[in-house]
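Working notes, structure below.
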Amino acid sequence: MVGQVRHAAIQGQTISGATVSGGGRTTTTGADGRFQLTGLAPGEVQLRVSAPNFVEATQPVTVTAGGTAEVVIALSPVLAAGQTQIVLTWGATPRDLDSYLWLPSGTPIYYGAKTGAGASLDVDDTNGFGPETITITQASPGTYTYAVNNLSAESPLTGSGGAVRLNRGGTTAATFTAPTTGSGTWWYVFTMDGTTGAITPVNQLSNSPPR
């Protein structure tokens, strides 16, 4: 397995010296954030990545019969109290998955409108792997809706390896992986109550946006 550890909130920045473990193997990332884990058995491996002052991340990765896989893990810095960060990563294809967060007002935060009402799209990736990162610095009362759009659509969401992590403070509050069955260019992931912070999983594919 080869991969790279990236900063979830700063476009193009990688993280050196991160600890990466999985399948009984452990390594650290180089100056370019890249790593290699050798000798992994085929099948699903639970990858765990950590670095000082960042929220630890875990993510399932499927290793092929040839013992290979390529993955990007994006780490969020430890967040201030009351802040939430939503981080999307995926595989080499589709090239362009886009994060959408509908605010309680109904206004979406996405690549065409990157800021608004206490939320911002910090990182927008269009060349595969991600991350795409949205930060809520100040939540408002009402319902937030998060979804992913397969914009380039040269391959389906079911094979994208898409993974979403929702981080608060120094911990991960929820994780989601893209469905491997079904069809549609939209992945409706979850809703969140802006007052209580309660997360309601949806995790469904469709051909139309949720809002």
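Nothing in this text is a laboratory measurement; each read-out follows from the coordinates by a stated rule. Small disclaimer: the values here were computed from a predicted structure and weren't measured. Cβ sites come from the backbone with ideal geometry, for glycine too, and all protein chains shown count toward neighbours.
Computed values, structure above
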| quantity | calculated |
| --- | --- |
| Nearest-20 debye value, the range 2-75 charge dipole, Cβ charges on Lys, Arg, Asp, Glu | 80 |
| Relative frequency of Cα-Cα separations exceeding 19 Å in the range 119-211, percent | 42 |
| Size of charge dipole - the chain - debye, nearest 20, with Cβ of Lys, Arg +1 and Asp, Glu -1, no other charges | 260 |
| Sorted by Cβ neighbour density within 10 Å, fewest at the top, the residues ARG168, ARG25 | ARG25, ARG168 |
| Descending Cα extents along the principal axes, the range 38-139, whole Å | 48, 31, 18 |
| Amide H partners (placed H, <5 Å) of ASN203, local residues excluded | VAL189, PHE190 |
| For the range 1-72 versus the range 168-211, the gap between their alpha-carbon centres in whole angstrom | 23 |
| For the chain, with +1 on Lys and Arg beta carbons and -1 on Asp and Glu, the positive-most of GLY66, GLN36, TRP186 along the dipole | GLN36 |
| Dipole magnitude of the range 42-158 about its Cα centre (Cβ charges: Lys, Arg +1; Asp, Glu -1), debye to nearest 20 | 220 |
| Fewest-first ranking of VAL202, VAL2, VAL61, using other Cβ atoms within 10 Å as the exposure measure | VAL2, VAL202, VAL61 |
| Cα-based convex hull volume of the chain per residue, rounded to whole Å³ | 108 |
| Overall form of the range 2-75 per C-alpha gyration tensor (a/c, 1.5; a/b vs b/c) | prolate |
| FRET efficiency for THR143 and THR19, using Cβ-Cβ distance with R0 set to 45 Å, rounded to 0.05 | 0.75 |
| Exposure proxy ranking, count of Cβ atoms within 10 Å, fewest first, for SER160, SER152, SER208 | SER208, SER152, SER160 |
| Whole-percent pair-distance distribution, where bins are 10 Å wide, for the alpha carbons of the range 168-211 | 25, 47, 24, 5 |
